Each structure stands twice: as C-alpha cells, then as structure tokens.
Amino acid sequence: MKNNDERLADVLGRLDKLSYVKLEKIPELDLYMDQVTSFMEEQLKDTKRNQEDKVLTKTMINNYAKNRLLPPPVKKKYSKEHMLLLLFIYYYKNLLSFNDIEQLFLPITKNYFSASSDLSLSAIYQEVFTLEKEQKERVKKDVQAKFQAAKTTFTDIDEKEREYLQLFSFISELSFDVYLKKQMIEAIIDQLREEGADSGKKKHP
C-alpha cells in the first residue's frame, strides 16, 4: 500500500502529463461525426479515468446540439469551430450544468462562430490556453501546500489511523477548493444571465 507522499507524487505526475489539445492538431477539414469522435478519443485518451470510458459519443454530440451548446453541423459535417466548442464543452461539462455552459457560450457562438469577426474562435482558443503552463505550476504549488497543511492534522493519534485521516483532510481541502471555485463560477454566470445578452454583444468603435 502506498503512503501519502507516494500518492502525492502520483497525482502530481499525472498532472504533468495532462495538457490541452494544441490548435495545430485540430483538422482544418470538416469531419463527419464518426471522425469527430475518433479524433477526440485519440487526443483526450490520457484524460480518461477508466480505459473503457468514452471521451465523446454520438449521443453526447446530439445532446449538446439539443441543449444549444453546439450549432448544428452543415451537411452532417463538423467544422474546426465545432471541434473547438466540443473541446471547451469537454472541459466544462464535469463542473457546470448544460444551462450554465449554454449561457457562457452565448456570446461566443453569436459573435465568433462562423462570423465575420476580426477575432476568430481559433484565436480565442489559442489565447485562453496560453495560460495553461503557468496555471499548472500554480496548481502544483497549491496542491503541495494543501498536502503539507493536511500533514499538520491528527498528529496525536496512532500512526496507522493518522495516515488515512491526513489523506482524508487533504482530499477534503482539495474538494472544498473546487466547491468554492464552482460557487464563484456559477455566481458570475448567474450575473450574465440576469444582465441578458447585452454583456455578450460585440463592442463597435
């Protein structure tokens, strides 16, 4: 059985392996649904918790379209812009509801999906993920700090019990961090919903 220091090393090692799908890897040609699911499966396989899990299925894509997260395909083909939205959905879906994702996407799909804008959806994707490397380093430092804080708990009990309870403290601290951030994200989205679409309109000089 691994000790807590070994568990921390494992999760930090997994974090190092995770990355976003680089823009240059996304096909310029429009794809049929089977090609879309195959591409996503290959590019995001390292993010799966279990090997038998599916990154993306036809049913999922249809549900995204049904819930207005994804514009319909053109002649059954999905463009590079569709792929970019599907990647954003993949990162958001385990954290936010479909309604919240739809609200967040409204200005994006309205102003930058197949629109004659100076700023493309590809450029937005690229700009957002320029922060990825620094963010991963911040996360690693924060996780290590939480781990050290957890090691200061339950110091006066039996070593065998202490090991697990300190692990429980660490997981609880990580979970509370996610909970608080989720609350903040939902609060911002609720503000956008209350303000209506005006906040998402392009500003013209």
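The values are calculated or read from the model by the stated rules, or taken from the named source; none is laboratory data. Keep in mind it's a predicted model, so treat the numbers as computed, not measured. Heads up, the Cβs are rebuilt from the backbone with ideal geometry, glycines too, and the neighbour counts pull from every protein chain shown. Accessible surface areas use protein heavy atoms only, side chains included; no ligands, DNA or RNA. Shrake-Rupley method; radii C 1.70, N 1.55, O 1.52, S 1.80 Å.
Between ASN67, ASN4, ASN50, which is open to solvent by less than 90 Å² (accessible area, probe 1.4 Å), among the polar types (S, T, N, Q), in contact with a Phe, Trp or Tyr (Cβ under 8 Å, 6 or more places away or on another chain) and over 28 Å from ILE124 (Cβ atoms)?
Working: ASN67 fails: over 28 Å from ILE124 (Cβ atoms); ASN50 fails: in contact with a Phe, Trp or Tyr (Cβ under 8 Å, 6 or more places away or on another chain).
From the options ASN67, ASN4, ASN50, the qualifying one is ASN4.
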- Item | Single unsatisfied condition, PHE147 versus (1) farther than 30 Å from ASN4 by Cβ; (2) over 16 Å from the mean Cα position of the chain (by Cα); (3) not acidic (Asp, Glu) | (1)
- Does ASP34 fit the bill of being within 22 Å of SER175 (Cβ to Cβ), part of a helix (DSSP H, G or I) and more than 20 Å from the chain's Cα centre (by Cα)? no
- Item | Cβ-Cβ under 6 Å pairs, at least 6 apart or on other chains, the stretch 160-189 side free of Cβ contacts under 8 Å to residues at least 24 places away in the same chain, far side open to solvent by less than 70 Å² (accessible area, probe 1.4 Å) and in a helix (DSSP H, G or I) | SER169/ALA150
- Single condition MET1 does not satisfy, out of (1) over 23 Å from LYS136 (Cβ atoms); (2) part of a loop (DSSP other than H, G, I, E, B); (3) in contact (Cβ under 8 Å) with a residue 12 or more places away in the chain: (3)
- Task: Looking only at the stretch 35-42, decide whether some residue is surrounded by fewer than 14 Cβ atoms within 10 Å (Cβ to Cβ) and touching a residue at least 40 places away in the same chain (Cβ under 8 Å).
- Result: no
- Task: Six or more apart or on different chains, Cβ under 8 Å: which pairs go from a residue in the stretch 105-124 that's in contact (Cβ under 8 Å) with a residue 60 or more places away in the chain and under 16 Å from ILE89 (Cβ atoms) to one that's open to solvent by 40 Å² or more (accessible area, probe 1.4 Å) and in a loop (DSSP other than H, G, I, E, B)? Could you list them?
- Result: PRO107/LYS201
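Quick grid of which residues meet (1) in contact with a Pro (Cβ under 7 Å, 6 or more places away or on another chain); (2) open to solvent by 90 Å² or more (accessible area, probe 1.4 Å); (3) modelled with pLDDT of 95 or more:
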position	(1), (2), (3)
VAL143	no, no, yes
PHE168	no, yes, yes
GLU194	no, yes, no
ALA197	no, no, no
- Query: Among the residues of the stretch 36-78, which ones are in contact with a helix residue (DSSP H, G or I) (Cβ under 8 Å, 6 or more places away or on another chain) and among the basic types (Lys, Arg)?
  - Reply: LYS54, LYS58, ARG68, LYS76
- Item | Positions within the stretch 32-57 being farther than 17 Å from PHE88 by Cα and not hydroxyl-bearing (Ser, Thr, Tyr), in sequence order | MET33, ASP34, GLN35, ARG49, ASN50, GLN51, GLU52, ASP53
- Item | Scan of the stretch 110-135 for residues that are more than 20 Å from GLU24 (Cβ to Cβ), open to solvent by 40 Å² or more (accessible area, probe 1.4 Å) and part of a helix (DSSP H, G or I), ordered by number | LYS110, GLU134, GLN135
